[in-house]
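Engineer: One structure, pasted below without further comment.
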Amino acid sequence: MATNINIRRDVKDPFYRYKMPRLQSKVEGKGNGIKTVLPNIVEVSRALSRPAAYPTKYFGNELGAQTKIEDKNDRFIVNGAHDADKLQSLLDGFIERFVLCGSCKSPETDLLISKDQSIIRKCMACGHNSDVDMRHRLATYIIKNPPPKEKKGGKHASSGARQDNSSASGSANGDEIDVLAHGTAQLDISADEDDDDWGYDEDAAADIPVPSGGLAQSPDDEDDEDDVDPFDQLGDYINGGEYDDSAIYAKAVELGLGKNHRTLVVVIQCLFEGSTTLVKDIAKHHKLLIRFGKSDKHQRAVIGGFERVVEANIDQLLSKLPAALMALFEKDIVEEDVFLDWSKKPSKKYVSKESAKKIHKAAQPFIEWLENAEEESDSD
Ligand SMILES: [Zn+2]
């Protein structure tokens, strides 16, 4: 079938044995609610032996867009309008980073999570173990939502995925897909109790909830909507429609998050990710950003939220950061002392160490301005 393409698109050989369906995308809605549904991401992911949530999240990370993952309904959504070609190109990056063996470039690999919480691609072809770049945002997600392991001869072997992979394989390549389907990982196949993610480094970014449907679909709470993390519920709510700030605040209160400083991180990511007009949008939402509380913790969470927003779109937003921080200062959302305290040391509480360093460097003009302003007012 013409819709099957080589998993490695740089390989032009038509007889290359590893194929996947060509990615499809379907834009729905309009205005701020516009979104891209990925109708065949399940089939594509099955060919890659990865849960469909992984490439979906990866698209979100790369595009700085929110994602919605409804495993149960096989609905995988990226906010914004994205055509299939662009997503296919992004998928190449996902495959390179999270699928292909780092040594022989075979796509027949399993993802394993090591004791020290790093992710390894174990190659079935050559036996090589290659590390995954843990600085990528998706790595954090994978640690929190590990791929279900294929139990040796156990009843949880991923036969479920294997049985219906005929729908993925199209026609002639059924055998090859079957080979690829080892360890095929759909989040709903088997929750793995051994991989308890609570032991994860407390200081790492994973500690702070990421507002997306994704975390709501961790294997443990898959069957019970009521267990869904309230932060995720709030994120889904904000992303699910066009609500004004008072409705967002009311929803947060309803979920018991009205005073929680971490709510700010979720709200800021939902409202600001994808924005390139941070200053304008801060002016628009400044009342909401104060409403959750004004303690130092709250103010640090505001900065953390914006660190994440910048990290998600770092090429475009890094240069706009000083103006955004200035807007937070002028609107009395974050005070001078908190900024100066924050500026002392890049923290990986909300973003990767690497991003935190870049963000601090970019913020320097604003911080210097603050320090000078302080001296001037002191000498008055
Ligand atoms: Zn290999």
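The values are calculated or read from the model by the stated rules, or taken from the named source; none is laboratory data. Model, not experiment: these values are computed from the prediction. Here the Cβ is made from the backbone with ideal geometry for all residues, glycine too, and neighbour counts use every protein chain on show. Accessible surface is based on the protein model in full, side chains and every heavy atom, while ligands, DNA and RNA are left aside. Shrake-Rupley method; radii C 1.70, N 1.55, O 1.52, S 1.80 Å.
Engineer: Mind checking the full-extension length gain between residue 27 and residue 73? Use 0.36 nm per residue of separation minus the Cα-Cα distance, one decimal, nm.
Structural biologist: 14.8 nm
Engineer: In addition: May I ask which of 122/361; 72/294; 12/357; 26/122; 57/297; 86/358 have a Cα-Cα span longer than 31 Å here?
Structural biologist: 122/361; 72/294; 12/357; 26/122
Engineer: Related question: Take residue 341 and residue 128, extend 7 Å from each Cα along the Cα→Cβ direction, and tell me the distance between the two endpoints in nm.
Structural biologist: Between residue 341 and residue 128, the label points sit 4.8 nm apart.
Engineer: Leaving ligands, DNA and RNA out of it, report the carbon-plus-sulfur percent of the accessible area of the stretch 221-341 at a 1.4 Å probe.
Structural biologist: 46
Engineer: Taking the solvent-accessible surface of protein heavy atoms with a 1.4 Å probe, what is the per residue accessible area of the stretch 251-380 in Å²?
Structural biologist: 47
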